[in-house]
1. Per DSSP H run of at least 4 residues, take -39500 (n - 2.57); add these up for the chain, divide by its residues and hand me the 222 nm value, nearest 500 deg cm²/dmol.
2. Could you order the peptides 67-80, 95-108, 176-189, 118-131 from most to least packed, using the average number of other C-beta atoms within 10 Å per residue?
3. Please give the peptides 238-248, 26-36 ranked by average Cβ packing (other Cβ atoms within 10 Å per residue), highest first, as a rough proxy for protection.
4. Which helices, taking whole DSSP H runs in the chain, have alpha carbons extending 27 angstrom or more along the helix axis plus mean Kyte-Doolittle at least 1.0?
5. Could you please state, rounded to a whole Å, how far the C-alpha centre of segment 73-88 is from the C-alpha centre of segment 125-145?
6. Which FRET efficiency value, to the nearest 0.05, is calculated for Gln69 and Met14 with the Förster distance at 30 angstrom and r the Cβ-Cβ distance?
7. Under the definition of Cα pairs under 8 Å and six or more residues apart, what whole-number percent is the relative contact order of the chain?
8. For segment 1-51, report the convex hull volume of the alpha-carbon atoms normalised per residue, in Å³, without decimals.
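FYI, it's all coordinate maths here, none of it is from the lab. These numbers come from a predicted model, not from an experiment. All Cβ positions, glycine included, derive from the backbone under ideal geometry; neighbour counts span all protein chains shown.
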Amino acid sequence: MGMRRKLAAGNWKMNGTLADLAQIEALKTAHPDPSVDLMLCPPATLIHAAAGLVRDHALRIGGQDCHTQVAGAHTGDISAAQLADAGAQAVILGHSERREDHEEDSETVRAKARAAHEAGLMAVICVGESLAQREALNTLDIIGGQLSASVPDTATGENLVIAYEPIWAIGTGRIPTPDQIGEVHDFIRARLERRFGAGVGRSARLLYGGSVKPDNAATVFAVSNVDGALVGGASLTADEFSPIIKALEQA
Ligand code: PGA
């Protein structure tokens, strides 16, 4: 556990315009020398400007999706190479909102993650069960299936991050118990070690995501195999994201 650097990642989703870059300035001011890795994934329209703002800071910028191809006739899509060119160092892939809104399956997520790795980006691959799947006691089966199908063979300890995001916890204020989070994170760790060996398996970071807020962050970060968080709503303002970052620094 000691060798993994903790990571606080923010996902702005389809929120934010140029005026919101002030939140990035505020984060830089609040955390001049963070002891954990920090990342923000703003909408694609803000990536280049955001990356310019953090050139003198440890904060990293990521995208929220990418295409499987490097370039071509794909109107409206953005390639991993284009994200990297704009200044991104990572990309969120397979978020449940993309799996649902755009019918992305795990095979597509895997191809996108491979494209991200080939462009030199870190892939933050999301997995998570629905409430019905949890109630039917299928959580670990679902997570195991998503994991093996979504993670490409190009994964290394540095370019792979898994975010466990139970769909029923995203944007709902409902959060699993520490035991429920720990069960899934221990399971993901064991699966990664089995597939990739102890080197990659123990180096890849595992984030919890879904209604992480300042008042529950310390509880989440105390759970085994939780190396940080993927934060949606609470990452939109420095006022809310900053206490979560501080809780991770103190975990
Ligand atoms: P939330 O979103 O923190 O607003 O629940 C988390 C996510 O979807 O990554």
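1. Mean residue ellipticity at 222 nm (helix-derived): -12500 deg cm²/dmol.
2. Peptide ranking by packing, descending: 118-131, 176-189, 95-108, 67-80.
3. 238-248, 26-36
4. none
5. 31 Å
6. 0.85
7. Dividing the mean separation by the residue count of the chain yields 21 percent.
8. 86 Å³
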